[in-house]
Amino acid sequence: MTTTQESPQARSVPQPVFTDAEAGAKVFPDSTARRYNYYTPQKRKQSHYEDVTVDVQPDPRHYLTQGWLYGFADGRGGYPLEWTQLKAWGSDLPSPQRGPGSGGMIVKEWPSTGWHEFRDPNEEWEMTLYRYNSNVVRQVTQNVEAARQSKAFEQWNRNWIRFVEQHVGAWMHVDHGLGLYLFANANRRAPTNMHNNAISVNSMHRIRAAQDLALYNLTLSEEIEDFDGKGHLETWNSDPAWQGVREVAEQLTGIDDWCEAIFAANVVFEPLVGELFRSQLVQHAAPGNGDFVTPTVVGAAEYDFAERDLRYTKAMFELLTNDKEFADHNKALLQDWLATWTERSISAARKLQPLWSQPDTKPPRFEDGLDRVKSRFSGIVTGLGLTEPKELGL
C-alpha cells in the first residue's frame, strides 16, 4: 500500500514594485562621472584628495538644508563655530532655518564661511597617512635593527647612555600628551573635514613619535646592560630642567579654543622648544658621543613637524589673517596668543639649558641654538602677517 505526500500549499508573497524613487535610479548627465562636481577645486583640476575630503563633514551652512542631524544636550548641533574665537567670512550670518516637518527650506544664498576654503597642502587623507607612517616605522625599525646587529650601542660613552635614558626618553611624554589630548581633541572640534584630516594626521604623527621613543627605550633596555628603562619617568616628574617644558605641555592640553591649541603648539611651542631640543641638542650631540642611531629616531619626528605639520598650519592661519571680513579681528587675537605662548615657551626653553653641559662631547652653545630657533620662529610669524612679539627677547 502506498501513500502520496501532499505538496505544501503555495504562499502568496508580495512582489516588489519599483517606482524609480530608490537611490541611484535616476539617470542624469553626470550619472557615470568618475569625479564629483559639487565643489570648486583649488587648482584647474580636481585632486583625489579633494574628492575624498571636501564637504564630507556635513554643515547646515553648506548644503545641509535639514539642519544638524545630531547635536549636544544643550541644543548645540554638530560643530559649532563658537568653539574658536577666530572667524572666517560668513561666520556672523545665521544658519538656514528648517522648514515644516523634516524637510528643509530652499536656500537662495548659503551662508557658507571661509572655513571651507582651507585645503591641506600635504593633501592628507587615510591612504596617505597609512603609507607615510608605515614607511617611517619601517625605516626606523630597520635602522635600530641594523644597530643591534652591528653592536653599535657598545660605542656609546657612559654619560651619553645616561642622557638618552633620562632626557631623550622624557620627550615621549610631550609627544604622547600633545598627540592624544591636544591634536585629537582639536580634530573633533574643527568645522570642516579638510581641517579634521590635517589635524588628525598631526595627532597620529605625535602619537607615532611617542611610540617610536617608547619602543627604542625598550630596545636599549635589552641591548645596554645597565640602561634604566624607567629613568625618563623620574626626569619628567622631578628634574628641574624639565619642569618648564612639562608645565607648558600640560597648559597646552588644557586649551579650550581649538584654533589657539593648534597655533600655540605648532607656531610657538614646536619651533621654540621642540626644534631646540631635537635639532639643536640631540642631533648635534649624538654623533660625537658615538651614537648614530638616536638621530634617526628623533629626526623622523623632526621631519613630521618641519616638513608636514607646520606646512598645513601656515596654510590654515594664512587664510584667517587674510580673511576678507575678519582679518583684523583674527590678527589682533593671534597677537595676544602669540605674546602669551611665546613668553611661556621661551621660559621653558631656558630651563633646558643645563642639558647642554651633560654630554661628554658638547653640542653648539645653548645661546647659539636658541638664536637659530628664534630666527626660524620670526620667519614663521612674519610669514603669517603677524608682528614678532617682544617676549621673544626674554
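The values are calculated or read from the model by the stated rules, or taken from the named source; none is laboratory data. These figures come from a predicted structure and were not determined experimentally. For neighbour counting, all protein chains shown are included, and Cβ atoms are generated from backbone atoms with ideal geometry for every residue, glycine included. SASA here: full protein model, heavy atoms, side chains in, ligands and nucleic acids out. Shrake-Rupley method; radii C 1.70, N 1.55, O 1.52, S 1.80 Å.
So for the range 106-185, taking the charge dipole from beta-carbon charges (+1 Lys/Arg, -1 Asp/Glu), which of T128, A152, T141 sits furthest toward the positive end?
Highest projection toward the positive end goes to A152.
Using only Cα atoms, find the angle between the long axis of helix 193-223 and the longest principal axis of the chain, and express it within 0 to 90 degrees, rounded to the nearest 10.
40
Using the Cα centre as the reference, give the magnitude of the dipole from point charges on the C-beta atoms of the range 170-283 (Lys, Arg: +1; Asp, Glu: -1; all else neutral), rounded to the nearest 20 debye.
560
Sequence-distant or interchain residues sharing an amide H contact under 5 Å with V56, placed H: which?
Answer set, sorted by chain and number: N193.
Residue by residue through the range 328-343, what is 3J(HN,Hα) from phi via Karplus (6.51 cos²θ - 1.76 cosθ + 1.60, θ = phi - 60°)? Round to whole Hz and write x for glycine and proline.
Coupling constants for the range 328-343: 5, 4, 5, 5, 4, 5, 5, 5, 5, 4, 4, 4, 5, 7, 5, 4 Hz.
Averaging the inverse of every distinct alpha carbon separation and then flipping it gives the Kirkwood radius. What is it for the range 311-394, in angstrom units?
Computed over the range 311-394, the radius equals 14.4 Å.
Per-residue ellipticity at 222 nm for the chain, helices alone: DSSP H runs ≥ 4 residues times -39500 (n - 2.57), over residue total, nearest 500 deg cm²/dmol?
Value at 222 nm, helices only: -14000 deg cm²/dmol.
Taking 20 Å as the cut-off for C-alpha to C-alpha distance, list the pairs among K151/K230; K362/K390; K87/K108; K87/K331 that go past it. Intermediate results must be reported in sequence, preceding the final value.
Values: K151/K230 23 Å; K362/K390 30 Å; K87/K108 23 Å; K87/K331 11 Å.
Where the Cα-Cα span goes over 20 Å, the pairs concerned are K151/K230; K362/K390; K87/K108.
Averaging over all projection directions, find the projected area of the Cα convex hull of the range 130-212 and quote it in nm² with one decimal place.
It is 6.2 nm².
With all protein chains present, how much of the accessible area of the chain (probe radius 1.4 Å) comes from carbon and sulfur, to the nearest whole percent?
Exposed carbon and sulfur together represent 51 percent of the surface.
Accessible area per residue for the chain in Å², computed with a 1.4 Å probe and the full protein assembly in place, what is it? If you can, show how the numbers build up before the last one.
On the way: 20490 Å² over 394 residues.
On a per-residue basis, 52 Å².
Of the peptides 300-310, 226-236, how do they stack up when ordered by the mean number of other Cβ atoms within 10 Å, highest first?
300-310, 226-236
Name the residues whose placed amide hydrogens come within less than 5 Å of the amide hydrogen of G77, ignoring near sequence neighbours (fewer than 5 apart) on the same chain.
F72
Specify which labelled value, from [x] 32, 26, 18; [y] 49, 32, 18; [z] 49, 23, 20, agrees with semi-axes √(5λ) of the Cα gyration tensor in Å derived from the coordinates of the model shown.
Of the listed options [x] 32, 26, 18; [y] 49, 32, 18; [z] 49, 23, 20, [y] comes from this structure.
Which order do the peptides 284-293, 385-394 come out in when sorted by mean C-beta neighbours inside 10 angstrom, highest first?
284-293, 385-394
5 Å is the cut-off here: which amide hydrogens, built 1.01 Å from N in the peptide plane, fall below it relative to E325, excluding neighbours closer than 5 in sequence?
W89
Per-residue HN-Hα couplings for the range 74-83, Karplus 6.51 cos²θ - 1.76 cosθ + 1.60 at θ = phi - 60°, whole Hz, x for Gly and Pro?
Running phi through 6.51 cos²θ - 1.76 cosθ + 1.60 with θ = phi - 60° gives 7, x, 6, x, x, 10, x, 5, 6, 6 Hz.
Got the relative contact order for the chain handy, in percent, Cα pairs under 8 Å and 6 or more residues apart?
It comes to 19 percent, rounded to a whole number.
Could you tell me which residue out of P363, H167, A88 lies farthest along the dipole of the chain toward its positive end? Charges go on the beta carbon: Lys and Arg +1, Asp and Glu -1, centred on the Cα centre.
A88
Report ³J(HN,Hα) in whole Hz for each residue of the range 153-161, in order, from the Karplus equation J = 6.51 cos²θ - 1.76 cosθ + 1.60 where θ = phi - 60°; Gly and Pro get x.
Values per residue, Gly and Pro as x: 5, 6, 7, 5, 7, 4, 5, 6, 4 Hz.
Which FRET efficiency, nearest 0.05, do Y38 and R158 yield, Cβ-Cβ r, R0 56 Å?
0.30
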